[in-house]
Amino acid sequence: MQVYATDKSGVWTGESREVGHKDGRHRHEVPHDPPALTGNQVAQWRGHVWVVLDDYPIREKRRDKVAALATRRWQAEEGGTTLGGNPLATDRTTQGKITAAFVKAAADPAYEIGAWKSGPGVFSTLNAATIIAAADAIEAHIQACFANEATLSAQIEAATNETELAAVDIESGWP
């Protein structure tokens, strides 16, 4: 049996595969042949029937812009922030390390890190209050990045034409 892959919105990705009677069908695979398409048309599975859509160019451009937005959010998220005017890394490694330090600092107000590396050759002593403040600053920075991505993503999805889509500036609003 041939199955046809769709994205989360049910739009056929153009991919298909043969499955045997013992093979499982994935959630986003349809066991019915999609219709013949021309030009920029796409087929969308609506639960029991394929529907032909003519607005694929804007849908495809929205999808590309959402992907570019996710990359831009990641860059902002990992780009760092400041605490008391001092640079503070926000990359995934630092997030994990500060989370572990936060857990210890929250449990023991006397906890201290004697050599926290904050840059090439730069080490600082951090007390529990500073560790908690750093964790809070990193968490606030990360959440601000995701909030901005959510706002811009909604604008992208609301765009009904190329002019509206081009007006969404994915470089704006980052902390």
Between region 71-119 and region 26-60, what's the alpha-carbon centroid distance in Å? 46
Just from its helices, what would the mean residue ellipticity at 222 nm be for the chain, if runs of 4 or more DSSP H residues each count -39500 (n - 2.57) and the sum is divided by every residue, rounded to the nearest 500 deg cm²/dmol? -14500 deg cm²/dmol
About the Cα centre, charge dipole magnitude for region 38-80 (Lys/Arg +1, Asp/Glu -1 at Cβ), debye: 80
Test of understanding: express the Cα radius of gyration of region 57-166 as a ratio to 2.2 N^0.38 Å, with N the residue count. 1.40
Kindly provide the pair-distance distribution of region 104-175 built from C-alpha pairs, with 5 Å bins from 0 and whole-percent values in order of increasing distance. 3, 14, 15, 14, 11, 9, 9, 8, 7, 6, 3, 0
Helix by helix through the chain, keep the DSSP H runs that span 20 Å or more along the axis on Cα and average at least -1.0 on Kyte-Doolittle, and give those back in order. 92-107, 128-158
With all pairs of different alpha carbon atoms counted, what Kirkwood hydrodynamic radius in Å does region 2-54 show? 11.3
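Any read-out appearing in this document is the output of simple, stated calculations on the displayed coordinates, not a laboratory observation. Bear in mind the structure is a predicted one, so any value in this text is a computation, not a measurement. Note: ideal-geometry Cβ built from the backbone for every residue, glycine included; neighbour counts use all protein chains shown.
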